Amino acid sequence: MEPQPRMISRDAKLERGNVSIRNVSLRFNVGGSSILALSHVSLEVLPGEFVCVVGPSGCGKSTLLGAVAGFMKPVEGEVLVDGEPVRGPGADRGMVFQQHALFPWKSVLANVEFGLRMAGVSGKRRKMVSMRLVEMVGLTGFEHSMPSQLSGGMQQRVGIARALANNPAVLLMDEPFGSLDALTRVKMQELLLNLWQELRTTVIFVTHDVEEAIFLADRIVMLTARPATQKGIIDISLPRPRMKEVVTSHRFNEYKGKCLEMLHAESARPIGAPSPDTLTFGVGGVAWQAPEKQASQHAASG
Amino acid sequence: MRTDYTNPLELILGPSQATERPALHKQSRSFRIRFSDVRKYVAGKIAGYLISGAAIVAFLWIWNTLSTDKVDFGLDFANVPSAQSVAKHMLHAAASKAFYVNVLISLKRVWLAFASAALLGSLLGLALARISIIKRIFMPFVEIFRPIPAIAWIPLAILMFPTTESSILFIVFLGAVFPIILNTYQGASEVPSQLLRAARSLGASRISVLWHVIIPSALPNIATGLSVGMGIAWFSLLTAEMIGGQNGIGNYTWESYQLIKYPDIIVGMISIGILSTVSTAVINWMCKPLLRWSNHR
Ligand SMILES: Nc1ncnc2c1ncn2[C@@H]1O[C@H](COP(=O)(O)OP(=O)(O)O)[C@@H](O)[C@H]1O
Ligand SMILES: [Mg+2]
C-alpha cells in the first residue's frame, strides 16, 4: 500500500514528530533459518498524530515499533523521523514497554530523570522537570518509591513520564496497558489522552484491543498476521476530548463494525497461511476468538 | 506429611502441638493476637534454642569423653586433645602476640588477593558477557582453567614465582577469581533486554548503559560471586600456607601438628572457621546497601 497521500508541513520547528515508514521489511535470523516479521510495510504518521497499530499477536507489531525505535534494522526500506533516517535508538523517540522496563534499582524520580541525566541536564533542572512530570502522571508523593513497590498501573505511569521527560518527537507505545486490569486500563487511557492533548507529541500505539484503538486513535492501522503487511487504515473522527462514555455511542460501534469487517477479510487467508491469534475487544478483554468461524458465519448470513 | 521439621518442638511434641505457629500467623493477620498464642510462640522459640544449646553441650561432652578415655574404634581418639585443653590453649593463644601476627598475615594475604580477584574477576566477567570478541578470546581459557582447583597450582606456583609470598597470593587469587568471573558473567548476560532498550532509547551511551543498567542488574550475581569467592580464598590460602608458608594461620595449624602441640591444631581450625565466616559476612554487609532494591521483588 502506498504511503498516505497527505500534505506534510515542513515547518520543523512547529511540527516535529513526522514518521515515515517506507516499504520496510524485517527478518529475524533464528539459528539457521530466518523469520520474515515485516513485509513491505509503509506508513506515514503526521506530526502530533495519534496512530494505533492493531494486529493479531505475533504478527510483528513490536517489530514495527522496534524498527522505528532503532532496535532492529530493516532488511529493506527505511524509517525516517522528521526526515532523518533512523540508524539506532535515540532520545527523540521515547519508548513505553508493556511491562518490567523500569530500572528496578532506581527510584521513581531517578527513573524519570534518567533521560535528562543522559542528556547532561543539570541536577536542579532535571529534578524540576521530573517532578513536574511525576505530577502530570499523578504520582506526586511516590517520587522516592521503588518500582517494585508500585502497582502495575503506577509503574506504567512512571514509564510514560520517563519517556516524556526527553520531550521526544514521537512516543512509541507497545501494548502499554495490556497487562492492566480493566478499570486501571480505562484510567490510563484517559490519562494518556490528556497528556497527549497537552503535549501534542506524535504517538504510535500498538495494541491488540480494537476498542482501545478506536478510543485513542486518530487513525488505526490494521496489520495482517505474520509477516505483517498493512491491511488497511481506518480514520477515527470521534470528537475530542474523548471520554470513556464514547464507547457506547453509535459511531463508536460503527467503527467497531468496520474494524471487524477488515479483520474478517484478514481471516479469509489461503489455507496454510498463519492464522491470526486471539484478538480482544473491549476493556474487559473479552476474547474475540476463532476468526475463521466468525468469518464463515458472516459469509453465511450475508 | 510435612518433611521440613524446622520447628524443633515438632520433633518432640508432634505436629499437633507444634501447629501453634501457623495458627499465630493466621490470628495476627486478622489482628486478634491472643496472649496464650504469643506465650506458646515464645515458649517454642526458647525451647528451640535450648535444644540447640543442649546438642552443642552433648557434642562437647562426647568429644571430651572420647579423648580423655582415649577411645579407639577405628577412629583413634588417643591423640585428640580434649575440649578443656583446647579451651586452655585458646586462651593462651589469645594472649600471645605470635598468634595475632599469624592471623594478621593471613588476613592481609586473603584481602590483598581477594581484592585483586574481585576487581579483575568482575571486569573480566562483564567483558565476557558484553563484548563478543573478548568472549571468543577468553572464554576457552576460562573453561579450561575453571575445573582445576586453585590448590592444584601450588607446586607449579612455587616453581614459577620468585617468592613464596607471591605464590601464595597467586593461589588465593586463583581460588577467588573464578566464582567471581562466572557469577558476574552470568549476571551481566542476563540483563533484561527491555532495560537495555529502554536505556538506549532514553539516550544512554554504551558506557552509560554499562554503568546504569548492566552493572546494577548484575550486582546480585556479583555479590554472590564475591561471597563464594571469599570462602574459596580462605580455603586456598590455608592449603597454600600449610604447604608453602612459613607463617600465617594455616602454617600455625600445620606447625602445631608437626611440633606435637595438638590442642593448637584445633585452635587453628576454629580460628580459620571464624576468620572465613567473618570475612564473608563483611563482604555480604558491604554489598547489602547496593542490593536493597532486589530484596522486595
Ligand atoms: N528477537 C527475535 N528473534 C526471533 N524472532 C523474533 C524476535 N522477535 C520477534 N520475533 C518473531 O517475529 C514475529 C513478530 O513478533 P512481534 O513483533 O513481537 O509480534 P507482536 O508484537 O505483534 O506480538 C513473531 O513470530 C516472533 O516470534
Ligand atoms: Mg508485541
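In the condition set (1) over 27 Å from residue A:179 (Cα atoms); (2) away from every other protein chain (no Cβ under 14 Å); (3) basic (Lys, Arg), residue A:73 is compliant with all but (2). A single entry from B:213, B:228, B:209, B:282 fulfils the requirement of being among the β-branched types (Val, Ile, Thr), within 21 Å of residue B:186 (Cβ to Cβ), free of Cβ contacts under 8 Å to residues at least 60 places away in the same chain and open to solvent by 20 Å² or more (accessible area, probe 1.4 Å): B:228. For segment A:54-92, residues that are touching a Lys or Arg at 6+ places or on another chain (Cβ under 8 Å), farther than 15 Å from residue A:202 by Cβ, more than 14 Å from ligand 1 (Cβ to nearest atom) and not in a strand (DSSP E or B) total 3. Looking only at residues in segment A:175-207 that are surrounded by fewer than 23 Cβ atoms within 10 Å (Cβ to Cβ) and within 16 Å of ligand 1 (Cβ to nearest atom), the one that is nearest to residue A:81 (Cα to Cα) is A:175.
Each row is one residue, and each column tells you yes or no for (1) under 30 Å from residue A:134 (Cβ atoms); (2) within 16 Å of ligand 2 (Cβ to nearest atom); (3) under 16 Å from the mean Cα position of the chain (by Cα).
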| position | (1), (2), (3) |
| --- | --- |
| A:164 | yes, no, yes |
| A:175 | yes, yes, yes |
| A:179 | yes, yes, yes |
| A:183 | yes, no, no |
| A:203 | yes, no, yes |
| A:212 | yes, yes, yes |
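Of the residues in segment B:189-197, none is under 17 Å from the mean Cα position of the chain (by Cα), away from every other protein chain (no Cβ under 14 Å) and small (Gly, Ala, Ser). A Cβ distance below 8 Å, combined with a sequence gap of six or more or placement on separate chains, defines the contacts here; from segment A:87-106, residues that are more than 13 Å from residue A:146 (Cα to Cα) reach residues that are surrounded by fewer than 20 Cβ atoms within 10 Å (Cβ to Cβ) and among the acidic types (Asp, Glu) in the pairs A:92/A:82.
Please go through segment A:156-168 and give me each residue that is touching a Pro at 6+ places or on another chain (Cβ under 8 Å) and either open to solvent by 40 Å² or more (accessible area, probe 1.4 Å) or small (Gly, Ala, Ser) (or both), ordered by number. Of everything in segment A:156-168, just one residue is touching a Pro at 6+ places or on another chain (Cβ under 8 Å) and either open to solvent by 40 Å² or more (accessible area, probe 1.4 Å) or small (Gly, Ala, Ser) (or both), namely A:159. Of the strands (runs of 3 or more DSSP E) that lie entirely inside segment A:217-294, those containing 1 or more residues that are modelled with pLDDT of 70 or more span A:219-223, A:230-235. The residues of segment A:52-80 that are open to solvent by less than 10 Å² (accessible area, probe 1.4 Å) and away from ligand 2 (no atom under 16 Å from the Cβ) amount to a single one, A:79. Restricting segment A:144-154 to residues that are open to solvent by 30 Å² or more (accessible area, probe 1.4 Å) and either outside any helix (DSSP H, G or I) or within 25 Å of residue A:60 (Cα to Cα) (or both), the residue that is nearest to the other protein chains (Cβ to nearest Cβ) is A:146. When residue B:90 is tested against (1) at pLDDT 95 or above; (2) under 26 Å from the mean Cα position of the chain (by Cα); (3) open to solvent by 40 Å² or more (accessible area, probe 1.4 Å), only condition (1) is not met. Tell me yes or no: at least one residue of segment B:188-211 is over 30 Å from residue A:165 (Cβ atoms), of a type in the set (Gly, Ala, Ser) and at pLDDT below 95. So far as segment B:188-211 goes, no, none of its residues is over 30 Å from residue A:165 (Cβ atoms), of a type in the set (Gly, Ala, Ser) and at pLDDT below 95. Taken together, A:41, A:51 contain a single residue that is more than 12 Å from ligand 1 (Cβ to nearest atom) and under 12 Å from residue A:222 (Cα atoms), which is A:51. Remark: residue B:218 falls outside the filter, which requires a residue to be touching a residue at least 40 places away in the same chain (Cβ under 8 Å), more than 14 Å from chain A (Cβ to nearest Cβ), under 29 Å from residue B:110 (Cβ atoms) and crowded, with 22+ Cβ neighbours inside 10 Å. The combined condition, being closer than 22 Å to residue B:115 by Cα and either open to solvent by less than 40 Å² (accessible area, probe 1.4 Å) or in contact (Cβ under 8 Å) with a residue 60 or more places away in the chain (or both), is not fulfilled by residue B:202. The requirement of being within 16 Å of ligand 1 (Cβ to nearest atom), within 14 Å of another protein chain (Cβ to nearest Cβ) and in a strand (DSSP E or B) is satisfied by residue A:95.
Evaluate segment A:103-111: report whether one residue or more is crowded, with 16+ Cβ neighbours inside 10 Å, closer than 20 Å to residue B:192 by Cα, within 16 Å of ligand 2 (Cβ to nearest atom) and among the aromatic types (Phe, Trp, Tyr). There is no residue in segment A:103-111 that is crowded, with 16+ Cβ neighbours inside 10 Å, closer than 20 Å to residue B:192 by Cα, within 16 Å of ligand 2 (Cβ to nearest atom) and among the aromatic types (Phe, Trp, Tyr).
The values are calculated or read from the model by the stated rules, or taken from the named source; none is laboratory data. As the structure is a prediction and not an experimental result, all values here were calculated from the model. Reconstructed Cβ throughout: ideal geometry from the backbone, glycine too, with neighbour counts over all protein chains shown. The accessibility values were calculated without ligands, DNA or RNA, using every heavy atom of the protein model including side chains. Shrake-Rupley method; radii C 1.70, N 1.55, O 1.52, S 1.80 Å.
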